[in-house]
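The values are calculated or read from the model by the stated rules, or taken from the named source; none is laboratory data. Being a predicted model, the structure only gives us computed values, none of them experimental. As a convention, Cβ positions derive from the backbone with ideal geometry for all residues, glycine included, and neighbour counts pool all protein chains shown.
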């Protein structure tokens, strides 16, 4: 219980950082649209892949077995990276599980912020490109990243419910904040890499972090001052 309360406090401290990420993404969108980046091949291809998966997700039967496979594989991979040993691995269309000798927030929540199929797609592309250059097929790379990223987003969102044991184990507030924080950060990194705008985006993000925490601090101070005034009025 004490550990969950500590995680809850950590989540509260991190909420302004999530706000800074959203703020930065809005800023980047405002800059990118007038600059015409939406006309570039990477943007159109990524967007086409993202929209293609949204259409598939809404109109066709859910590919639950494929999602569960990636979900449990990510659990297992995270456990091994954390020094754990995987002793069982089960995947069905109704669900699955991984048994390991180590459990922590990284292992429990990793499937919700690691876009495993997008990473596999990029790794396969880089491997083939190393032996057979695929420069002229870059739109296919971007389309695949968009499609698999949308796969990750849609299934992650659909699994973010109160009955999800991965989330309840770590505490719902902590889980939601960590999942949002890392997903937004990963998308920021992806966007800035594709748009070749990493340095300026980094300085903008740092500026928004400072502003977000200053804003939060001011609001807390004002709320505390108001609460004191109300209490004094009641005591008078």
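Entry remark, region 157-169: residues being at pLDDT below 90 and buried (at least 17 other Cβ atoms within 10 Å of the Cβ) number 1 in total. Residue count for region 17-63 satisfying the condition of being loosely packed, with under 14 Cβ neighbours inside 10 Å, in a helix (DSSP H, G or I) and modelled with pLDDT under 85: 8.
With the structure loaded, tell me whether residue 178 is more than 22 Å from residue 116 (Cα to Cα), surrounded by 17 or more Cβ atoms within 10 Å (Cβ to Cβ) and in contact with a helix residue (DSSP H, G or I) (Cβ under 7 Å, 6 or more places away or on another chain) or whether it fails that test. No; evaluated as a whole, the condition is false for this residue.
Would you say residue 113 is buried (at least 19 other Cβ atoms within 10 Å of the Cβ) and either touching a residue at least 40 places away in the same chain (Cβ under 8 Å) or under 21 Å from residue 188 (Cα atoms) (or both)? Yes.
For region 175-200, which residues satisfy the criterion of being farther than 15 Å from residue 19 by Cα and assigned to a helix (DSSP H, G or I)? Correct list: 175, 189, 190, 191, 192, 193, 194, 198, 199, 200.
Scanning for something closer than 23 Å to residue 97 by Cβ and in contact (Cβ under 8 Å) with a residue 24 or more places away in the chain, does region 135-149 turn up at least one residue? No, region 135-149 contains no residue that is closer than 23 Å to residue 97 by Cβ and in contact (Cβ under 8 Å) with a residue 24 or more places away in the chain. Condition check: touching a helix residue (DSSP H, G or I) at 6+ places or on another chain (Cβ under 8 Å) and under 30 Å from residue 1 (Cα atoms). Does residue 139 satisfy that? No: the conditions fail for residue 139. The test for being out of contact with any strand residue (DSSP E or B) (no Cβ under 9 Å at 6 or more places or on another chain), assigned to a helix (DSSP H, G or I) and within 18 Å of residue 9 (Cα to Cα) does not hold for residue 203. Can you find even one residue in region 136-151 that is outside any helix (DSSP H, G or I), over 24 Å from the mean Cα position of the chain (by Cα) and surrounded by fewer than 18 Cβ atoms within 10 Å (Cβ to Cβ)? No; the residues of region 136-151 include none that is outside any helix (DSSP H, G or I), over 24 Å from the mean Cα position of the chain (by Cα) and surrounded by fewer than 18 Cβ atoms within 10 Å (Cβ to Cβ).
Filter region 64-82 for residues that are out of contact with any strand residue (DSSP E or B) (no Cβ under 6 Å at 6 or more places or on another chain), more than 14 Å from residue 115 (Cβ to Cβ) and either in a helix (DSSP H, G or I) or at pLDDT 95 or above (or both) and give the result. Break it down stepwise before answering.
To start, the set of residues in region 64-82 that are out of contact with any strand residue (DSSP E or B) (no Cβ under 6 Å at 6 or more places or on another chain) comprises 64-67, 70-71, 73-74, 77-78, 80-82.
Now narrow it down to the ones that are more than 14 Å from residue 115 (Cβ to Cβ): 64-65, 80-82.
Within region 64-82, 64, 65, 80, 81 qualify.
Looking at 95, 83, which one is exposed (fewer than 14 other Cβ atoms within 10 Å of the Cβ) and over 21 Å from residue 175 (Cβ atoms)?
On the way: 95 fails: over 21 Å from residue 175 (Cβ atoms).
Just a single option satisfies the conditions, and that option is 83.
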